[in-house]
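Everything on this sheet refers to the single structure shown next.
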Amino acid sequence: MTFSTAFLPRACYFLALGVVLPACAQRVAAPAATTPAAGTFHKPRTVSTIPINTAPTDTVLVFQRTPCHGTCPIYTATIFRNGRVSYNGERFVTLLGSHELHLDPATVTTMLAEARRINFNQLAPSYTANVSDLPSTIITVYQPGQQRHRVLAEANIPAPLQGYITYLKSKIDPLASLGAEK
């Protein structure tokens, strides 16, 4: 075998390799607008099952507890004026799935009165920290004659809001058979 005949198959092989490999390595770049800034972490949030501006007129409150990296209860309770509670338990709750529960209508009235007492509609929309493991509580209140107001509470929660969260948990958690320890 001479130099020219031994060189030709190898040259073709490397030429083909040089054409095929770059074609395999092409990647489509993600749009810059959807890429979060370096070093930021956006925790996934549970969202209400009721669209923002289309809640039934008898909906008064949506109470949501979101995930953490541990065993935090995850559920959404939509409370109606007549005491009906549409509950959806997701994880780390005794009552999983969708259920219809009931509160005394007087309790529902008191829930709204407490929201007015702490000036819920004047609270900031978000109380968060740059920590990824904290569970959140999301409360949406539909006061009669007022705009709906939603507050996400995760950290640095003002005392009146923390008291309201504790009050709501004391009324909703027993319905879903959750103990006070959660």
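The values are calculated or read from the model by the stated rules, or taken from the named source; none is laboratory data. Predicted model only: the values in this text are computed from it and were never measured. Cβ placement follows ideal geometry from the backbone for every residue including glycine, while neighbour counts extend to all protein chains displayed.
Checking the structure you have, find out if any residue of region 173-180 is modelled with pLDDT of 95 or more and exposed (fewer than 12 other Cβ atoms within 10 Å of the Cβ). Scanning region 173-180 turns up no residue that is modelled with pLDDT of 95 or more and exposed (fewer than 12 other Cβ atoms within 10 Å of the Cβ).
Being of a type in the set (Gly, Ala, Ser) and within 18 Å of the chain's Cα centre (by Cα) is a condition met by no residue of region 163-181. Restricted to region 121-156, and to residues there that are in a strand (DSSP E or B) and of a type outside the set (A, V, I, L, M, F, W, C), the residue that is farthest from CYS72 (Cα to Cα) is HIS149. Return the pairs, sorted by first residue and then second, in which the second residue is surrounded by 12 or more Cβ atoms within 10 Å (Cβ to Cβ) and among the aliphatic types (A, V, I, L, M), the first residue lies in region 103-116 and is more than 14 Å from LEU175 (Cβ to Cβ), the beta carbons are less than 7 Å apart, and the residues are 6+ apart or on different chains. Once the first residue is more than 14 Å from LEU175 (Cβ to Cβ) and sits in region 103-116, its partners that are surrounded by 12 or more Cβ atoms within 10 Å (Cβ to Cβ) and among the aliphatic types (A, V, I, L, M) give LEU112/VAL60; ALA115/VAL141.
Could you check, for region 139-149, whether at least one of its residues is more than 22 Å from GLY163 (Cα to Cα), under 19 Å from the mean Cα position of the chain (by Cα) and not aromatic (Phe, Trp, Tyr)? Checked region 139-149: no residue is more than 22 Å from GLY163 (Cα to Cα), under 19 Å from the mean Cα position of the chain (by Cα) and not aromatic (Phe, Trp, Tyr). Checking the structure you have, find out if any residue of region 116-137 is touching a strand residue (DSSP E or B) at 6+ places or on another chain (Cβ under 6 Å), surrounded by 18 or more Cβ atoms within 10 Å (Cβ to Cβ), aliphatic (A, V, I, L, M) and under 13 Å from PHE63 (Cα atoms). There is no residue in region 116-137 that is touching a strand residue (DSSP E or B) at 6+ places or on another chain (Cβ under 6 Å), surrounded by 18 or more Cβ atoms within 10 Å (Cβ to Cβ), aliphatic (A, V, I, L, M) and under 13 Å from PHE63 (Cα atoms).
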